[in-house]
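In what follows, a single structure is set out as structure tokens and then discussed.
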Amino acid sequence: MTTTMHTLAAAGVTVAEGAPRSRHALRLRDAAAAGAALGLALPVKVGAMAEAAGRRALCLGPDEWLLEGPPGDRPLLPETLPHALVDISDREVTFVVEGPRAAELLSIGIARNLALLAPGTGCRTAFDSAQAILVRESEQAFTLSVWRSFAPHVAELLDIGRRELACGL
């Protein structure tokens, strides 16, 4: 499914579908051992991210990470390390929301104070009724990943919100 997004420059925000990335859900207890095998030190603070060698890890819970990398990337962990690693690359669609009013636009569907989400961190949240992973990439840029089945609904809400911002609502 391709979600078509249009830019409304007057609204102070742009929304576009993000480029494809490999995504893996990782569950394990020994972050240090996994980090050594992945070539990426897994962050242990919930919400923290780490990046190295084209991969990124977002800590979503005490024993849970979202791993992202270039398309086709397949992280491998030793069989001797108890873990669950699931390829979820095709499960989600990512929206890139950028501009001085990006946080304001996202607030139409996210019931949390986005000013408290520091650049370079992320969280699991909900956008309207859709489970989402939100990352604050920089002060004025976010990525919002939702399950593919919710993408049309989220895209429509973002488009309505952008039009309202453009009208000064």
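Observations on the model:
- Only residues that are in a strand (DSSP E or B), of a type outside the set (Val, Ile, Thr) and within 18 Å of the chain's Cα centre (by Cα) were counted in the stretch 13-40, giving 8.
- ALA84 being touching a Lys or Arg at 6+ places or on another chain (Cβ under 9 Å), closer than 16 Å to ALA48 by Cα and either at pLDDT below 95 or loosely packed, with under 15 Cβ neighbours inside 10 Å (or both): no
- Sub-8 Å Cβ pairs linking a first residue in the stretch 6-21 that is modelled with pLDDT of 90 or more to a second residue that is open to solvent by less than 50 Å² (accessible area, probe 1.4 Å) and charged (D, E, K, R), at least 6 apart or interchain, are VAL13/ARG162; VAL15/ASP159; VAL15/ARG162; ARG21/GLU68, ordered by first then second residue.
Conditions tested, residue by residue: (1) in contact with a strand residue (DSSP E or B) (Cβ under 9 Å, 6 or more places away or on another chain); (2) within 15 Å of THR14 (Cβ to Cβ).
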residue: ALA115; (1), (2): no, no
residue: LEU134; (1), (2): yes, no
residue: GLN140; (1), (2): yes, yes
residue: CYS167; (1), (2): no, no
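- Hits in the stretch 111-169 - residues which are part of a strand (DSSP E or B), farther than 16 Å from ALA16 by Cβ, open to solvent by 40 Å² or more (accessible area, probe 1.4 Å) and small (Gly, Ala, Ser): ALA126
- In summary, strands (runs of 3 or more DSSP E) completely within the stretch 62-105 and bearing 2 or more residues that are of a type in the set (A, V, I, L, M, F, W, C), in contact with a Ser or Thr (Cβ under 8 Å, 6 or more places away or on another chain) and touching a residue at least 40 places away in the same chain (Cβ under 8 Å) occur at 92-98.
The values are calculated or read from the model by the stated rules, or taken from the named source; none is laboratory data. Keep in mind that what you see is a predicted model, and the values were worked out from it rather than measured. Glycine also receives a Cβ, built like all others from the backbone with ideal geometry; neighbour counts cover every protein chain displayed. When the accessible area is computed, the model is the full protein with side chains, heavy atoms only, and any ligands, DNA or RNA have been set aside. Shrake-Rupley method; radii C 1.70, N 1.55, O 1.52, S 1.80 Å.
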